[in-house]
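The values are calculated or read from the model by the stated rules, or taken from the named source; none is laboratory data. Everything numeric in this text was worked out from a predicted model, so none of it was measured. Positions of Cβ are generated from backbone atoms using ideal geometry, with glycine treated the same way; all protein chains shown enter the neighbour counts. With ligands, DNA and RNA removed, areas are computed over all heavy atoms of the protein, side chains included. Shrake-Rupley method; radii C 1.70, N 1.55, O 1.52, S 1.80 Å.
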Amino acid sequence: EVQLVESGGGLVQPGGSLRLSCAASGFAFSTYSMTWVRQAPGAGLEWISYINSGSTSILYADSVRGRFTISRDNAENSLSLQMNSLRVEDTAVYYCVKSGFDYWGQGTVVTVS
Amino acid sequence: QSVLTQPPSASGTPGQSVTISCSGSSSNIGRNHVYWFQQLPGTAPKLLIYRSDQRPSGVPDRFSGSKSVTSASLAISGLRSDDEGYYFCGAWDDNLYVFGAGTKVSVL
C-alpha cells in the first residue's frame, strides 16, 4: 500500500523557516518524480514544486522560487521542502504527491503568523 | 485568478448527471493531458481522472473525462450524496502545473 506521510508543519513567524518532510513507502520511491502542492485555508490547490527521480530536474512556482528548496533522499525514501523567508501568504496545508498525482499524503499544516 | 477556468458551482438531485467544464489555453490543455481531482470535506484530494479520460482503478465508471482542443470536462452520472465536495482540474503548462479554482458540487 502506497503511503505518504508529511511532517514538520507548525506555527512560525514571518521571515522564519521550516523544513517539511515526506516519508514514502509502498512503492519504488527512487524511480518516481514527486511534487509538493499546497492549499491555503478555504482556497484551491496550488502546485509549488517538482523534483524528478534523480534530482536532475527541479521546478518551482514563481510564488516560492528563491525561498523554497525541494530535495529528496532516495536511500531513505524521503522528500523534503526547505522553506525560508516565510510569508503570511504561505499559510496552507502542504501535500506531498507522487508522480502522476495518483497518491497524496494527508497534509501538514503550516501557519505563518 | 486561476489559469484554468472552472464554474464555481454545480448541482443536481440524486441520480442526475452533472458536467463540470475546465477551460484553458494552447499552452496547457491544448498540448497536455488533463487531470481531475475530487476533494471531499476534510480530506486530501484524490485523483479521479488522468490523461484526460482514464480512470484509476477503484474509481467508479460514473466518473468520466473528456478533452477537446483547449477545454476539458468531467461528467458525473448517477449523482450520489457522497459525491458532494470540490472538483479540481489540472494540467501542465510549460514548466509549471496549474489547477482550476475548483467547482463545488452539491447534491440537492
Report summary line: Scanning the range A:62-94 for residues that are open to solvent by less than 10 Å² (accessible area, probe 1.4 Å) and of a type outside the set (D, E, K, R) gives A:64, A:68, A:70, A:79, A:81, A:83, A:86, A:92, A:94
Query raised in the report: Restricting the range B:61-108 to residues that are within 14 Å of another protein chain (Cβ to nearest Cβ) and at positive phi, which is surrounded by the fewest Cβ atoms within 10 Å (Cβ to Cβ)?
Result: B:94
Query raised in the report: In this structure, is residue B:97 over 11 Å from the mean Cα position of the chain (by Cα) and assigned to a strand (DSSP E or B)?
Result: yes
Report task. Could you check, for the range A:95-105, whether at least one of its residues is touching a Phe, Trp or Tyr at 6+ places or on another chain (Cβ under 9 Å), within 21 Å of residue B:48 (Cα to Cα), more than 9 Å from every other protein chain (Cβ to nearest Cβ) and not in a strand (DSSP E or B)? Result -> yes
Query raised in the report: Can you list the strands (runs of 3 or more DSSP E) found entirely within the range B:1-55 that contain at least 3 residues being open to solvent by 20 Å² or more (accessible area, probe 1.4 Å) and polar (S, T, N, Q)?
Result: B:18-23
